[in-house]
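The values are calculated or read from the model by the stated rules, or taken from the named source; none is laboratory data. Here the structure is a predicted model, which is why all the values come from computation and not from measurement. Here the Cβ positions follow ideal geometry from the backbone for every residue, glycine too, while neighbour counts run over all protein chains shown.
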Amino acid sequence: MKLILTQEVAGLGGPGDVVEVKDGSGRNYLVPRGAAMRWTRGGEKQIESIRRGREVRSISDLGHAKDVKGQLENLTVKLPVRAGGTGRLFGSVTVADIADAVGRAGGPQVDKRRIEIGAPIKTVGAHQVTVRVHPEVTATVSLEVVAG
């Protein structure tokens, strides 16, 4: 199945890329979640506008990516959440919560789709979160989840 990606998908590509995937993956995962659309001749015309939007938001050069990495790694992000007496959270911390907390802490604006959490964060304490700043550059952010 031939698809046009509308969002960045790890292992496949970024917005505006035309990819070939198995039918089940495209039909059951990528298209329903809005990460891709079916390739058509009409859709081919939209690729250029998708790529222009991607270039405006993306960090294009490696030097700028390293600067953003330095800003993120020097930042300690505190995230107040509702927690029980034992330190267990009511729910879990999402990537959207982390992206908002980075912005409130004075860091650069981070796209939530570029944040990677190893296992779900469900406890109070210090955690490490990875941010893919650029295809070749990843930053590790110190996240302190506090009961609040």
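In this structure, does Arg51 turn out to be closer than 16 Å to Gly13 by Cα, in a helix (DSSP H, G or I) and either without any contact (Cβ under 8 Å) to a residue 40 or more places away in the chain or hydroxyl-bearing (Ser, Thr, Tyr) (or both)?
Taking the combined requirement at face value, the residue satisfies it.
Whether any residue in the range 68-79 is within 17 Å of Ala10 (Cα to Cα) and of a type in the set (A, V, I, L, M) is what I want to check.
The answer is no; no qualifying residue exists.
Would you check if there is a residue in the range 62-84 being in contact with a helix residue (DSSP H, G or I) (Cβ under 6 Å, 6 or more places away or on another chain), surrounded by 15 or more Cβ atoms within 10 Å (Cβ to Cβ) and of a type in the set (Gly, Ala, Ser)?
Checked against the condition, which is being in contact with a helix residue (DSSP H, G or I) (Cβ under 6 Å, 6 or more places away or on another chain), surrounded by 15 or more Cβ atoms within 10 Å (Cβ to Cβ) and of a type in the set (Gly, Ala, Ser), the range 62-84 yields no hits at all.
Taking the range 1-16, which residues are assigned to a strand (DSSP E or B), in contact with a Leu (Cβ under 8 Å, 6 or more places away or on another chain) and surrounded by 18 or more Cβ atoms within 10 Å (Cβ to Cβ)?
Scanning the range 1-16 gives Leu3, Leu5, Val9.
Rundown of residues vs (1) under 22 Å from Thr138 (Cα atoms); (2) in contact with a Lys or Arg (Cβ under 6 Å, 6 or more places away or on another chain), yes/no style:
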{"residue": "Glu8", "(1), (2)": "yes, yes"}
{"residue": "Asp17", "(1), (2)": "yes, no"}
{"residue": "Pro32", "(1), (2)": "no, no"}
{"residue": "Trp39", "(1), (2)": "no, yes"}
{"residue": "Arg52", "(1), (2)": "no, no"}
{"residue": "Val77", "(1), (2)": "yes, no"}
{"residue": "Gly84", "(1), (2)": "no, no"}
{"residue": "Gly91", "(1), (2)": "no, no"}
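Take the range 103-148 and flag every residue that is touching an Asp or Glu at 6+ places or on another chain (Cβ under 7 Å) and either closer than 25 Å to Gly85 by Cβ or outside the structural domain of Arg88 (by TED's automatic domain parsing) (or both).
Across the range 103-148, the qualifying residue is only Ala126.
Given the residues Gly85, Gly106, Gly125, Gly148, which is the only one that is modelled with pLDDT of 90 or more, over 29 Å from Asp17 (Cβ atoms) and not polar (S, T, N, Q)?
Every option except Gly125 fails the conditions.
Within the range 17-42, can you find the residues that are more than 17 Å from the chain's Cα centre (by Cα) and outside any helix (DSSP H, G or I)?
Hits for the range 17-42 are Asp17, Val18, Val19, Glu20, Val21, Lys22, Val31, Pro32, Met37, Arg38, Trp39, Thr40.
So which residues in the range 6-36 are touching a helix residue (DSSP H, G or I) at 6+ places or on another chain (Cβ under 6 Å) and farther than 19 Å from Lys112 by Cβ, if there are any at all?
Gly16
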